[in-house]
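These notes concern the structure reproduced below.
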Amino acid sequence: MLITNARLITWESPNRVLEDHALHIFGFQPGMVTTTIVSGKVLMKDRELLTINEKEISVKAREIAPQVWECYQRELSKMS
């Protein structure tokens, strides 16, 4: 089910592949999404995330970025 500009679209996918790509099939792009509701819970409203703290996540991501990069480089070198 997709809600777009006060339109409610209910779409039953015939298979899992189409279900996973429903937004692509209907021509949606990420910038077109302003509100997200999952199982009746509003997760994002007017493009503001309501259930997570973006600043905390950003700080933590910056803290662990060097470790992630080192791990990536290690794994990449194994493939050469």
Practice problem: Could you work out the local net charge near Trp69, counting Lys and Arg as +1, Asp and Glu as -1, over the other residues with Cβ closer than 12 Å to its Cβ? | Solution: 0
Quiz item: So what J values fall out for segment 48-59 if you push phi through Karplus, 6.51 cos²θ - 1.76 cosθ + 1.60 with θ = phi - 60°, rounded to Hz, Gly and Pro as x?
Solution: 9, 6, 9, 10, 9, 9, 4, 5, 4, 5, 4, 4
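A short reminder: the numbers here are calculations on the coordinates, not readings from a lab. These numbers were taken from a predicted model, which means no experiment stands behind them. As a convention, Cβ positions derive from the backbone with ideal geometry for all residues, glycine included, and neighbour counts pool all protein chains shown.
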